[in-house]
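A.B. asks: Structure below; questions to follow.
The values are calculated or read from the model by the stated rules, or taken from the named source; none is laboratory data. The model shown is predicted, which means the values in this text are computed figures rather than measured ones. Note that each Cβ is placed from the backbone with ideal geometry, even for glycine, and that neighbours are counted across all protein chains shown.
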Amino acid sequence: MHPVTHEVTQRIVERSRADRADYLERMEAARSAGVGRAKLSCANFAHAFAAESPADKLRMRDPTAPNVAIVSSYNDMLSAHQPLERFPAIIKAAAREAGATAQFAGGVPAMCDGVTQGRPGMELSLFSRDVIAMSTAVSLTHDAFDAALMLGICDKIVPGLTMGALSFGHLPTIFVPGGPMTSGISNAEKARTRALYAEGKATREELLDSEMKSYHGPGTCTFYGTANSNQMMMEMTGLHLPNSAFITPNTPLRDALVAAAARRAVEIRDGTNDYTPMARVFDEKAVVNALAGLLATGGSTNHTLHLVAMARAAGIRITWEDFDDLSRVTPLIARVYPNGTEDVNAFHAAGGMAFVIRELLKAGLVHADVTTVAGQGLGRYTAEPFLDGDRLVWREGAEVSLNRDLLRPVDDAFQAEGGLRLLKGPLGRAVIKTSAVKPEHHVIEAPARVFDDQDQLLAAYKRGELNRDFVAVVRFQGPKANGMPELHSLTPPLGVQLDKGYQVALVTDGRMSGASGKVPAAIHVTPEAADGGPLAHVRDGDIIRLDAETGELAIKVETNELMSRPPAVCPPSGHGYGREMFGLMRRVAGPADAGACSLFEAA
């Protein structure tokens, strides 16, 4: 085990000791209470199974016959979730074959940041994670289940499902992904058209045609954003069946994996020798493994929020310092768009998660001795699923990268560090993703141009006011201000200015995206401007220094002088698009470095 990985793990264990013990005690109490449906009155029982088939009703009357919950984010508007429509029927059939039953316990909302990007609905996005967590708990609270299957894949959905399922951590739980869509046009071509449109050199029709050729079918978007980072993390934590993340939808192999997940959930229920509760799988070592995977693959910055909140739901406390320390020793061994040119389908074909996990295990950067739903340690996840006729089998995955422009071994990594850094200074704490930022842009010092929302910046760009060196300060974008929307729509215009040769950076208390790219961006600044943070006191022309090498986020104004200035006033939160219903969540949300969560106390 690498000494830094060991040290970070030990301090997480010590930091979490009291909370983790309390969580595990609660989960053991829930287990000791016995299977829920055994405690149901006759009327309760009849309500729970009234709509089932006669054969399933007969089986459910047997107190030893297991019942599996299905919680799903299915909707047919969004490509990633549409394939989930077919899964319940596959799961129910597989459960029956295993002598069990399965019920669709509940659905959770699933919104797409790709649709709401730059729109008012984006202000609901982050808190939809907490709504999903609560919806998952509601789905399971009928207490009639021996195991659970979580059907979800995208940005806030998997973190929310994880947080909700952990409140029923005594149940064995397996996450069942849908897989990525097949590849469309090249990412380079898509990015080129976006840049041309931002410069006014491409029409909206040309842009729309390009986007529709990229996002063209069922499955997740194929770039390595938050959705696909989610799938990587579920592999690293052992909550997937091995290497099931990046199998495309509506294929025989995908269907076989869905059925296998149902059968495995029955096999690991309480009362068997293989009992594997989620609380035991998602432990401190699993969280460190997820962190290492995120860093080694250049994953989404959103997980500096989500993984903190997910861990907290299991009584585990991680900090941005943990991310930073592990990033300094975890080499970047994958370059998937936007950190490279190829997509997740090419990543999977080159060796994918089996190769990544094998390399991290060899380097001692992850823990092998973990509990997984597959029944063995993390080494089980170096295998890949295949169909041998109609039979699902696993065999060892690639030991050598099949595309070294995309995937490399640890001893020949793309860069020595994971590309995620903690920034600190008089403007607060922030994170920056450097894996897609050229080294010459790691240090930016320039005058501030201050905006209170992203529309102000876009308008200034269109007026031609940003043809110079500048640090864009976009404030009042934190969780308490407006729900912390992603500001990914700022990437094309800022990228255009960077390409013109100007020194450009972004500093914001909002989020960027799993698709964060070449523009250096200090994001998730905390404390946020709406909560008394220094960003509320910054003025146009203040010299700001962003140094990703030293971890510095500085302003060339004395702190006393800066904080003595009258703070800018946070604009009123928006109404419409449902935003008014999330006022309570905005008020109680914790800071970004505590997961920006409305479900837990920030301390």
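A.B. asks: Only one of 61, 96, 86 is surrounded by 12 or more Cβ atoms within 10 Å (Cβ to Cβ), charged (D, E, K, R) and under 19 Å from residue 269 (Cα atoms); which?
C.D. replies: The conditions single out 96.
A.B. asks: So which residues in region 99-116 are in contact (Cβ under 8 Å) with a residue 60 or more places away in the chain, buried (at least 18 other Cβ atoms within 10 Å of the Cβ) and not in a helix (DSSP H, G or I)?
C.D. replies: 100, 102
A.B. asks: If you don't mind, there's one more thing I want to ask. Please verify whether residue 427 is crowded, with 17+ Cβ neighbours inside 10 Å and modelled with pLDDT under 95, treating the condition exactly as stated.
C.D. replies: Answer is no for this residue.
A.B. asks: To continue, here is another question. How about region 402-417: which of its residues are surrounded by 14 or more Cβ atoms within 10 Å (Cβ to Cβ) and not in a loop (DSSP other than H, G, I, E, B)?
C.D. replies: Passing the criteria: 407, 410, 415.
A.B. asks: Pick out the one residue from 195, 188 that is in a helix (DSSP H, G or I), touching a Gly at 6+ places or on another chain (Cβ under 7 Å) and over 21 Å from residue 110 (Cα atoms).
C.D. replies: That would be 195, the only listed residue that is in a helix (DSSP H, G or I), touching a Gly at 6+ places or on another chain (Cβ under 7 Å) and over 21 Å from residue 110 (Cα atoms).
A.B. asks: Return the total of residues in region 485-509 being within 23 Å of residue 303 (Cβ to Cβ) and at pLDDT 95 or above.
C.D. replies: 5
A.B. asks: Identify all residues within region 82-109 that are in contact with a strand residue (DSSP E or B) (Cβ under 8 Å, 6 or more places away or on another chain) and closer than 22 Å to residue 181 by Cα; write none if there are none.
C.D. replies: 84, 87, 88, 91, 108
A.B. asks: Looking only at region 129-147, filter to residues that are of a type in the set (Ser, Thr, Tyr) and surrounded by fewer than 24 Cβ atoms within 10 Å (Cβ to Cβ); which one of those is nearest to the chain's Cα centre (by Cα)?
C.D. replies: Residue satisfying both the conditions and the ranking: 135.
A.B. asks: If you don't mind, another one. Scanning for something assigned by TED's automatic domain parsing to the domain that holds residue 155, among the basic types (Lys, Arg) and outside any helix (DSSP H, G or I), does region 58-73 turn up at least one residue?
C.D. replies: yes
A.B. asks: Could you tell me whether residue 79 is out of contact with any helix residue (DSSP H, G or I) (no Cβ under 8 Å at 6 or more places or on another chain), crowded, with 17+ Cβ neighbours inside 10 Å and modelled with pLDDT of 85 or more?
C.D. replies: yes
A.B. asks: When residue 248 is evaluated against the numbered criteria (1) touching a Leu at 6+ places or on another chain (Cβ under 9 Å); (2) assigned to a loop (DSSP other than H, G, I, E, B); (3) farther than 18 Å from residue 226 by Cβ, which criterion, by number, is the only one it fails?
C.D. replies: The single condition residue 248 does not satisfy is (1).
A.B. asks: Would you say residue 150 is assigned by TED's automatic domain parsing to the domain that holds residue 83, surrounded by 24 or more Cβ atoms within 10 Å (Cβ to Cβ), modelled with pLDDT of 90 or more and part of a helix (DSSP H, G or I)?
C.D. replies: Judged against the criteria, residue 150 is not a match.
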